[in-house]
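Asks: Please see the structure below; I have some questions.
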Amino acid sequence: MPLYDYAPASGVCDRCHGRFEVHQRLADAKLTQCPTCKQRVERLISAAKVGGKYSTSDSRVKELGLTKYKKAGDGVYEKTSGKGPNLIGPKTK
């Protein structure tokens, strides 16, 4: 079950400290009020967690049709595999 973050629509609450998490099924409706303070709440967008095994090797990246870059300098990145420009970064004058 996904874990959703909620916060009061006003942005502050002394009772629930302004933010709480709830385990909900995907089919469940969004909460409209805080279970503690009963204020109107809104669901926040959180970073997704990526788990399991995955490979970022150059051969696997190329096989998936992606491009991989490594940092080559201040704001400049050099391609290590895949299609795309050999360098990306700020334009030089």
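The values are calculated or read from the model by the stated rules, or taken from the named source; none is laboratory data. Remember, predicted model here, so these are calculated numbers, not experimental data. Using ideal geometry, Cβ is built from the backbone for each residue, glycine included, and neighbour counts are taken over all protein chains shown. Heavy atoms of the whole protein, side chains included, go into the accessibility calculation; ligands, DNA and RNA do not. Shrake-Rupley method; radii C 1.70, N 1.55, O 1.52, S 1.80 Å.
Asks: Consider the candidate values (i) 1.11; (ii) 1.25; (iii) 1.15; state which one is Rg/Rh (Cα atoms, Kirkwood Rh) computed from the structure displayed.
Replies: This structure yields the entry labelled (ii).
Asks: Determine the share of the chain's accessible area contributed by carbon and sulfur atoms, expressed in whole percent, with a 1.4 angstrom probe.
Replies: Exposed carbon and sulfur together represent 52 percent of the surface.
Asks: Per DSSP H run of n ≥ 4, the term is -39500 (n - 2.57); total these for the chain, divide by its residue number, and report the mean residue ellipticity at 222 nm rounded to 500 deg cm²/dmol.
Replies: Value at 222 nm, helices only: -1500 deg cm²/dmol.
Asks: Now for a different question. Using a 1.4 Å probe and ignoring any ligands, DNA or RNA, find the accessible area of residue 66 and quote it in Å² to the nearest 10.
Replies: Rounded to the nearest 10, the figure is 90 Å².
Asks: While we're here: Rank 85, 57, 44 by how far each Cα sits towards the positive end of the charge dipole of segment 28-87 (+1 on Lys, Arg Cβ; -1 on Asp, Glu Cβ) and give me just the farthest.
Replies: Towards the positive end, the residue furthest out is 44.
Asks: For 54, 69, what's the largest-to-smallest order of accessible area, 1.4 Å probe? List each step's numbers first, then the result.
Replies: Values: 54 160, 69 65 Å².
My answer, sorted largest first, is 54, 69.
Asks: So, for the chain, what is the accessible surface per residue at a probe of 1.4 Å, expressed in square angstrom? Mind showing how you got there, number by number?
Replies: Numbers: 7700 Å² over 93 residues.
Here the per-residue accessible area is 83 Å².
Asks: Please list 58, 74 in order of solvent-accessible area, largest first, computed with a 1.4 Å probe with all protein chains present.
Replies: Final ranking, largest accessible area leading: 74, 58.
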